[in-house]
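Following: one structure in structure tokens, then a few remarks.
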Amino acid sequence: MSEKTHDGHTELTDNELRVRALESLLTERGLVDADALNELIDTYETKIGPRNGFKVVARAWTDPEFKKRLLEDGNAALAEMGYEGRQGETMVVLENTPKIHNMVVCTLCSCYPWPVLGLPPAWYKSFPYRSRAVIDPRGVLKEFGVEIGDDVDIRVWDSTSETRFIVLPERPAGTEDMTEEELVEIVNRNSLIGTALVEAPSAIGDQS
Ligand code: FE
């Protein structure tokens, strides 16, 4: 089965072809159940997504005791909300403050907190991001449209399969009257990786 794009290149990368070959082989030999595999993929593609992370952030913004637990022992606090499991064996939550901006990368590959954010976006896995996030975080953030003041310390955290980091973005000014449920709706995925901020609704789509 070859999938062609309009300019004639096959859509599958070398790695994807290898994965498919491996999958066929494992299924053929009866080592892997194709249905179970499909269900696993479907779970992470459609059921477990960044919305879990949005709920974590909104709760941390509105429940100081939860936030304290979250920063002290990420896994235990996330498990309270039901977010645990594979690719999330150790998750560490980093709090952004007016003086500290945290940003997460996996320089080696694409380690990412699946139970909280689902599967990583393509840019997170890309070589330019993995290499440049460490060397020039401010420049990378600018490309994401994020300007961080010179007085703010940018800390870049390198994820591994053992430790996966999650950023707790700052609660934007002007959201003091919003409920936890309303706050869930304004959080965005990249803010949990540190490549975006969260803006108050009045600032989103402001045409002036
Ligand atoms: Fe990795």
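Here are the numbers:
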item	result
Filter result for residue 194 (of a type outside the set (Phe, Trp, Tyr), surrounded by 16 or more Cβ atoms within 10 Å (Cβ to Cβ) and touching a Gly at 6+ places or on another chain (Cβ under 6 Å))	no
Looking only at the range 146-165, and only at residues there that are among the hydrophobic types (A, V, I, L, M, F, W, C) and modelled with pLDDT of 95 or more, the one that is nearest to the chain's Cα centre (by Cα)	165
Subset of the range 83-106 (residues that are part of a strand (DSSP E or B), more than 16 Å from the ligand (Cβ to nearest atom) and within 16 Å of residue 138 (Cα to Cα))	100, 101, 102
Members of the range 125-143 found to be farther than 20 Å from residue 95 by Cβ and of a type in the set (A, V, I, L, M, F, W, C), listed by number	127, 134, 135, 140
Near pairs, Cβ below 6 angstrom, 6+ apart or cross-chain, from the range 154-183 (among the aromatic types (Phe, Trp, Tyr)) to any residue that is within 16 Å of the ligand (Cβ to nearest atom) and assigned to a loop (DSSP other than H, G, I, E, B)	165/159
Only listed residue being over 19 Å from residue 183 (Cα atoms) and out of contact with any Ser or Thr (no Cβ under 9 Å at 6 or more places or on another chain), chosen from 49, 74, 88	88
Close pairs from the range 110-133: first under 20 Å from residue 43 (Cβ atoms) and touching a residue at least 24 places away in the same chain (Cβ under 8 Å), partner β-branched (Val, Ile, Thr) and assigned to a loop (DSSP other than H, G, I, E, B), Cβ under 6 Å, at least 6 apart	111/160; 118/48
Candidate set: the range 27-54, residues that are among the small types (Gly, Ala, Ser) and farther than 21 Å from residue 184 by Cβ; chosen: the one surrounded by the most Cβ atoms within 10 Å (Cβ to Cβ)	34
Test: residue in the range 60-69 that is within 24 Å of residue 176 (Cα to Cα) and exposed (fewer than 12 other Cβ atoms within 10 Å of the Cβ)	yes
Residues of the range 107-134 classified as part of a loop (DSSP other than H, G, I, E, B), within 9 Å of the ligand (Cβ to nearest atom) and touching a strand residue (DSSP E or B) at 6+ places or on another chain (Cβ under 7 Å), total	3
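Table: residues versus (1) under 21 Å from residue 49 (Cα atoms); (2) not polar (S, T, N, Q); (3) not in a loop (DSSP other than H, G, I, E, B).
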position	(1), (2), (3)
140	no, yes, yes
147	no, yes, no
155	no, yes, yes
161	yes, no, no
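The values are calculated or read from the model by the stated rules, or taken from the named source; none is laboratory data. Since the model is a prediction, treat every value here as computed from it, not as a measurement. Please note: Cβ atoms are built from the backbone with ideal geometry, for glycine as well, and neighbour counts cover all protein chains shown.
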